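Asker: Dropping the structure in here first, questions after.
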Amino acid sequence: MVSFKWFGQACFEIKNSVAIVTDPHDGESVGLRQPDAKGDIISVSHRHFDHASGVDLASKKGSEVVEGSGEREAKEIVVQGFDSFHDKAEGSKRGENTIFVFQLDDFRICHLGDLGHRLSGGKIEEIKPVDILLIPVGGNYTIDAQEAVDVVKNLEPKIIIPMHYKVEGLEVDISDEEEFLQLVEDEGWETDERVEAKIKSLPEERNVIKLNCQST
């Protein structure tokens with residue numbers, strides 16, 4: 001079983017016997033509470049404050065921080081990083097972004113970070129297969145709702161967990177999740193809302209899990 005908790009923006013705790021914390025913010029700098037999560041592995045898609053200001057807070061003795069592209073093993077977990085950009089101008093506006101794929105249990109879990117553009121055919125083939133997709137949907141600094149739906153169609157996950165959208169208290173100018181949820185519902189996806197997702201197996205039907213933010 002793999003569990004998922006969301007702390008706003010792109011910060012998750014993904015956990016089985018090993019805890020991964022993705023893109024940890026410090027809470028205060030984005031108007032939220034400090035995430036209550038410590039990682040054996042901490043992944044950083046890029047070094048903007050709302051994705052890396054909480055690295056020290058999320059660390060514990062022996063934590064490994066992973067950044068950048070390439071394949072490596074951390075805490076006996078295979079982690080792949082793929083180059084992408086934070087904008088539609090090959091990084092000239094907001095810089096580079098790393099997409100991570102984690103192999104936990106029998107799941108390939110893809111965290112898109114602050115992806116700012118649709119993916120090329122070549123990049124899609126590099127990343128696939130994807131079982132569980134953590135995808136930004138709030139636009140402005142990342143792909144927006146419609147672009148996120150297009151990425152979902154390309155990567156073909158069984159489970160989507162949206163991230164990087166407006167929640168109560170967040171002081172970042174992005175949209176909420178409603179447009180994305182409506183668009184994927186129109187595509188036949190079923191949505192349920194949870195405080196924490198505990199995934200033992202992949203569903204037969206495609207499923208969107210909307211996690212409550214733990215830092216509001």
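The values are calculated or read from the model by the stated rules, or taken from the named source; none is laboratory data. The structure displayed is predicted, hence computed values, not measured ones. Note: ideal-geometry Cβ built from the backbone for every residue, glycine included; neighbour counts use all protein chains shown. For the accessible areas, the whole protein counts, side chains as well, though only heavy atoms, and no ligand, DNA or RNA atoms are used. Shrake-Rupley method; radii C 1.70, N 1.55, O 1.52, S 1.80 Å.
Asker: Find the residue count for the range 177-190, including only residues that are in contact with a strand residue (DSSP E or B) (Cβ under 6 Å, 6 or more places away or on another chain) and open to solvent by 60 Å² or more (accessible area, probe 1.4 Å).
Answerer: 1
Asker: Write out, first by first residue and then by second, each pair whose Cβ atoms fall under 8 Å of each other, whose residues are 6+ apart or on separate chains, and whose first residue, in the range 193-216, is closer than 15 Å to F12 by Cβ while the second is hydroxyl-bearing (S, T, Y) and at pLDDT 95 or above.
Answerer: Short answer, once both residue conditions are applied: E196/S3; A197/S3; K198/S3; I199/S3; I209/T191; K210/T191.
Asker: Within the range 130-152, can you find the residues that are touching a residue at least 60 places away in the same chain (Cβ under 8 Å) and either among the acidic types (D, E) or closer than 10 Å to R118 by Cα (or both)?
Answerer: Once the filter is applied, which keeps residues that are touching a residue at least 60 places away in the same chain (Cβ under 8 Å) and either among the acidic types (D, E) or closer than 10 Å to R118 by Cα (or both), the range 130-152 yields only D131.
Asker: So, one more: Go through the range 134-151 and count every residue that is under 11 Å from C110 (Cβ atoms) and either of a type in the set (D, E) or over 12 Å from the mean Cα position of the chain (by Cα) (or both).
Answerer: Adding up the residues that qualify gives 1.
Asker: Return yes or no: is V21 in a strand (DSSP E or B), open to solvent by 40 Å² or more (accessible area, probe 1.4 Å) and of a type in the set (V, I, T)?
Answerer: no
Asker: Moving on to the next point. Somewhere in the range 82-92, is a residue touching a His at 6+ places or on another chain (Cβ under 8 Å), under 25 Å from Y141 (Cβ atoms) and among the basic types (K, R)?
Answerer: Yes, the range 82-92 contains a residue that is touching a His at 6+ places or on another chain (Cβ under 8 Å), under 25 Å from Y141 (Cβ atoms) and among the basic types (K, R).
Asker: Touching a His at 6+ places or on another chain (Cβ under 6 Å), more than 22 Å from S17 (Cβ to Cβ) and either among the acidic types (D, E) or outside any helix (DSSP H, G or I) (or both) - does that describe any residue in the range 124-135?
Answerer: No, the range 124-135 contains no residue that is touching a His at 6+ places or on another chain (Cβ under 6 Å), more than 22 Å from S17 (Cβ to Cβ) and either among the acidic types (D, E) or outside any helix (DSSP H, G or I) (or both).
Asker: Here is a follow-up. Quick test for you: out of I109, I132, I161, I174, pick the one residue that is surrounded by fewer than 21 Cβ atoms within 10 Å (Cβ to Cβ) and of a type in the set (V, I, T).
Answerer: I174
Asker: Continuing with the same structure: Quick check on this structure: which one of G116, G122 is at pLDDT 95 or above and either on the phi > 0 side of the Ramachandran plot or open to solvent by 10 Å² or more (accessible area, probe 1.4 Å) (or both)?
Answerer: Working: G116 fails: either on the phi > 0 side of the Ramachandran plot or open to solvent by 10 Å² or more (accessible area, probe 1.4 Å) (or both).
Being at pLDDT 95 or above and either on the phi > 0 side of the Ramachandran plot or open to solvent by 10 Å² or more (accessible area, probe 1.4 Å) (or both) holds for just one of G116, G122, which is G122.
Asker: Next up: Does F102 satisfy being of a type in the set (F, W, Y) and more than 24 Å from E71 (Cβ to Cβ)?
Answerer: Criteria not met by F102.
Asker: Further question on the same structure: Mind telling me which of the residues A37, A10 ends up being farther than 30 Å from G121 by Cα and either at pLDDT 95 or above or in a strand (DSSP E or B) (or both)?
Answerer: Values: A10 fails: farther than 30 Å from G121 by Cα.
From the options A37, A10, the qualifying one is A37.
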